[in-house]
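**Q** Please find one structure pasted underneath; my questions will follow.
The values are calculated or read from the model by the stated rules, or taken from the named source; none is laboratory data. The shown structure was predicted, so the numbers you read here are calculated from the model rather than taken from an experiment. Ideal geometry is used to build each Cβ from the backbone, glycine not excepted, and the neighbour counts take in all protein chains shown. Remember, those area values only see protein heavy atoms, side chains included, never the ligands or the DNA or RNA. Shrake-Rupley method; radii C 1.70, N 1.55, O 1.52, S 1.80 Å.
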Amino acid sequence: IRNSDMRKLSIFLSLLISALFVPSTGLAQDLKVKSLEEMIADNAADTSRVMTLESFISIVLMNHPVVKQADLLPENARQEIRLARGAFDPKLESSWDVKNFKDTEYYDIFNTTLKVPTWFPVDPKISVDRNRGVFLNPENAIPAGDNFGQVTAGLSLPVGRGLFIDQRRASVQQAEIFGQITDAERIKMINKILLSASKDYWEWYFTFYNYLLIDESLSISEEVYRRVKVDFDFGALAAIDTVQAAITLQNRKVDSREALIDFKRAGLMLSNYLWGMNEEPMEFKDDLFPQLDFSMNLLGSDLPLDSLYNLAIVGHPELVKTGFKLEQLDIDRRLARENLKPRIDLNYNVINAPINPQGEFVDVQLRNNYKFGVEFEFPLFLRKERSKLRQTNIKIEQTNYELDLLERQILNGIQASYFELDNTKDMLSLMDGAVDNYKILLQAELDNLALGESDLFKINFQQDKLLESQIKLMKMRANMEKARVNLYWSAGIPYLNFNQNGTN
């Protein structure tokens, strides 16, 4: 019998033994290169173990501390408005001053005043006085016929500074604008945590399928090593072939361990976003895995570039905040201009009208029984007022420059993210075809191995190329989803195009 015939006979016997004594299930017998969908089908029998992006985001939006912090901002803004409006609260003031010495009542002065500030600067007030005493200041004297009691009602009106705007009205207007700023800040905080959570999810997604691909490659290497060893035992292969197969198998095991470590680490990163209803941190289950569905939307952005530009200009949180900051500065400028005017306050009060001390309504006589006064104040150099106005104008200029720069940076960021997403989509399609071709080549070499017509160098080379292309494909897919969420972040879209319950 010739050597070649002996070799074929030994190969035949090895294949026969493999067929008779090795279980026929799984990849080990068929040496079939599985697609990623087939790998998932073997691991996805329990759908409760699937952690989709939508379910993950819904948990983040429901309980994450940063989201809860952001949700407190509107309430804080409401309290700021309430605080500013407190300057218009009615105020009741009362005083009582008595002096009695050596059985002599020097004076007994009592006053109660109710002031009611209004938005238009006409502040009405009503006072009740009761003054008596031997040594009472004559200007405070009240006739005994009125039982030493007197009622005055009047108002004050600024006709110079403070007529159109004053500090209390400016504070209310700025507090209302602050409420709109906090709405934008809330969206910014939530978008930021969703951006981080989404990117970490897609990193976890990649590490899982990276581990799955390497583990499948390990299974192929184990079967190749087993068959090489059987062929060596029957004298069909040299001992050096078993060493080469063993080295490849060892490298695959090392790669598998490293991929498993990366997957576990990525899972721990996701656990940072998982919180319970009572602010208790939740543990991330090790048996969860991300959903793989190639029928998912693999297109680019759901929105055209022009629409993203328009949405960013109108609603990007940073641009909105800066725009409202300009409105606040404009109020400061109006107030600074108002303070350039002289202060001229008119005060008019009627005495014992329209109610007298006995509680009876009486006619108001404007030319009789009244108190009238004028207060005037005007700084001669106006240095403080002019400096304040100039500083405000400088801040407005600076903020306008900041707004122009922000708009330019945001629009360029949108364009860059859109370009990355669009090109990654095209590369993904090309890489998917390359994976199919590498799969065909490896399957051919494995079939040749079964027929004794291949060598380990070719198998290892094609297996490395297939694994490299599969990992690159999944990396591209994860990067594409990261680019998509980064595009929505760049455009400032609220909740990064997720609904408030986490669905996309």
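**Q** Does Leu405 satisfy the condition of being part of a helix (DSSP H, G or I), hydrophobic (A, V, I, L, M, F, W, C), on the phi < 0 side of the Ramachandran plot and open to solvent by 70 Å² or more (accessible area, probe 1.4 Å)?
**A** Working: part of a helix (DSSP H, G or I): yes; hydrophobic (A, V, I, L, M, F, W, C): yes; on the phi < 0 side of the Ramachandran plot: yes; open to solvent by 70 Å² or more (accessible area, probe 1.4 Å): yes.
It is true that Leu405 is part of a helix (DSSP H, G or I), hydrophobic (A, V, I, L, M, F, W, C), on the phi < 0 side of the Ramachandran plot and open to solvent by 70 Å² or more (accessible area, probe 1.4 Å).
**Q** Can you say whether Thr207 is over 29 Å from Pro317 (Cα atoms), open to solvent by less than 20 Å² (accessible area, probe 1.4 Å), assigned to a helix (DSSP H, G or I) and touching a residue at least 24 places away in the same chain (Cβ under 8 Å), as far as the supplied structure shows?
**A** yes
**Q** For region 174-190, check the following and say yes or no: at least one residue is open to solvent by less than 50 Å² (accessible area, probe 1.4 Å) and farther than 29 Å from Phe498 by Cα.
**A** Yes - at least one qualifying residue is present in region 174-190.
**Q** Ok, one more. Only one of these conditions is not met by Tyr225: (1) open to solvent by 60 Å² or more (accessible area, probe 1.4 Å); (2) under 19 Å from Lys34 (Cβ atoms); (3) touching an Asp or Glu at 6+ places or on another chain (Cβ under 6 Å). Which number is it?
**A** If we test Tyr225 against (1) open to solvent by 60 Å² or more (accessible area, probe 1.4 Å); (2) under 19 Å from Lys34 (Cβ atoms); (3) touching an Asp or Glu at 6+ places or on another chain (Cβ under 6 Å), just (3) comes out false.
**Q** Right, here's the next one. What helices (runs of 4 or more DSSP H) completely inside region 236-340 contain at least 2 residues that are among the acidic types (Asp, Glu)?
**A** Details: elements: 239-271, 305-315, 317-338.
Result: 239-271, 317-338.
**Q** If I filter region 471-493 down to residues being among the basic types (Lys, Arg) and under 23 Å from Ile313 (Cα atoms), which single residue comes out as least open to solvent (accessible area, probe 1.4 Å)?
**A** Of everything passing the filter in region 471-493, Arg484 is least open to solvent (accessible area, probe 1.4 Å).
**Q** In addition: Can you name the residue in region 104-132 that is under 19 Å from Phe372 (Cα atoms) and basic (Lys, Arg) and is also surrounded by the fewest Cβ atoms within 10 Å (Cβ to Cβ) among such residues?
**A** Only one residue tops the list, namely Lys115.
**Q** To continue, here is another question. So in region 50-60, with the set limited to residues that are within 15 Å of Asn272 (Cβ to Cβ) and of a type outside the set (Phe, Trp, Tyr), which one is surrounded by the fewest Cβ atoms within 10 Å (Cβ to Cβ)?
**A** Pass one, region 50-60, residues within 15 Å of Asn272 (Cβ to Cβ): 51, 56-57, 59-60.
Next, from what is left, pick out any that are of a type outside the set (Phe, Trp, Tyr): 51, 57, 59-60.
Values: Met51: 21, Ile57: 23, Ile59: 17, Val60: 24.
Among those residues, the one meeting the criterion is Ile59.
**Q** Residue by residue through region 92-108, note down the ones that are within 24 Å of Pro354 (Cβ to Cβ) and either of a type in the set (Val, Ile, Thr) or out of contact with any strand residue (DSSP E or B) (no Cβ under 9 Å at 6 or more places or on another chain) (or both).
**A** Of everything in region 92-108, nothing turns out to be within 24 Å of Pro354 (Cβ to Cβ) and either of a type in the set (Val, Ile, Thr) or out of contact with any strand residue (DSSP E or B) (no Cβ under 9 Å at 6 or more places or on another chain) (or both).
**Q** While we're here: Across region 264-295, what is the total count of residues that are open to solvent by less than 50 Å² (accessible area, probe 1.4 Å) and either of a type in the set (S, T, N, Q) or modelled with pLDDT of 90 or more (or both)?
**A** 6
**Q** Okay, next question. Return the residues of region 427-454 that are charged (D, E, K, R), without any contact (Cβ under 8 Å) to a residue 12 or more places away in the chain and open to solvent by less than 80 Å² (accessible area, probe 1.4 Å); say none if nothing qualifies.
**A** Filtering region 427-454 for residues charged (D, E, K, R) gives 432, 436, 439, 445, 447, 453.
Imposing the further condition that a residue be without any contact (Cβ under 8 Å) to a residue 12 or more places away in the chain reduces the set to 436, 453.
Across region 427-454, the qualifying residue is only Asp436.
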